[in-house]
Amino acid sequence: QTDHADIYYMHRDNLDVPVGEFVDVLNEHKDAGRITAFGGSNWSIERVVEANVYAEKNNKTGFTVLSNNFSLARMVDAVWDGCLAASGPEYRRFLEAKQMSLMPWSSQARGFFLVGRADPDQRSDEELVRCWYSDDNFQRLERVNEMAQQRGVLPINIALAYVLCQPFPTFPLIGPRTLEELRTSLPALEVQLTADELRWLNLEA
């Protein structure tokens, strides 16, 4: 029962189109009341900055939201062609400095942190292996398991809390297929992580 979209994302960038053209059209829809906030999904920092510089120079609204991959596990290979992750330090510094909201997809790394799901000796899930298997991700998994045991929660709760506790607004997209999967994710809302704990989980300390 609504006549507008509160958040509008352009899915993947088209580098052949000048970014100002996107900003102009998005502002037309915003001014017409069809959309409110808007941004890009799988967009680079450079193009987001370019869009917002153009918007400021032309007295228009710029991007205020982003939807790239973001999870504790580093995305080794893109899940789909053209996908970008925002998990690295450059993106995190940018998002914190701008306080830009992030709505990350695969925020739980396709279940990498579920008990028994990821194992160096278990390679039957080809996509999980291709996209998430790496030595550093298995080190993160070890630390997640250690903290989960200390906190009395599931490892997946720690991994999701990592996304929720960033120093910029995050609204993680999760993909529960059953009510039980939803129930096992919800306790992450009660897990608070300090900046030191975030760094430790991400092998930065």
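The values are calculated or read from the model by the stated rules, or taken from the named source; none is laboratory data. Computed from a prediction, not measured in an experiment: that's the story for all the values here. Glycine gets a Cβ as well: all are built from the backbone with ideal geometry, and neighbour counts include every protein chain shown. To get the accessible areas, we keep the full protein, side chains included, count just its heavy atoms, and leave off ligands, DNA and RNA. Shrake-Rupley method; radii C 1.70, N 1.55, O 1.52, S 1.80 Å.
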Quiz item: Residues of segment 8-27 being on the phi < 0 side of the Ramachandran plot and open to solvent by 80 Å² or more (accessible area, probe 1.4 Å), which ones?
Solution: TYR8, HIS11, LEU15, ASP16, GLU21
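Determine, yes or no, whether ARG74 is under 13 Å from LEU201 (Cα atoms), assigned to a loop (DSSP other than H, G, I, E, B) and open to solvent by 20 Å² or more (accessible area, probe 1.4 Å). Steps first, please.
On the way: under 13 Å from LEU201 (Cα atoms): yes; assigned to a loop (DSSP other than H, G, I, E, B): yes; open to solvent by 20 Å² or more (accessible area, probe 1.4 Å): yes.
The answer is yes for ARG74.
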Practice problem: Please determine, by comparing only the residues of segment 106-137 that are open to solvent by 30 Å² or more (accessible area, probe 1.4 Å) and in a helix (DSSP H, G or I), which one is farthest from GLN192 (Cα to Cα). | Solution: GLU126
Practice problem: Could you tell me whether any residue of segment 28-39 is in contact with a helix residue (DSSP H, G or I) (Cβ under 6 Å, 6 or more places away or on another chain) and open to solvent by 10 Å² or more (accessible area, probe 1.4 Å)? | Solution: yes
Self-check item: Residue list for segment 12-21, restricted to those being touching a Phe, Trp or Tyr at 6+ places or on another chain (Cβ under 9 Å) and not in a loop (DSSP other than H, G, I, E, B)
Solution: VAL19, GLY20
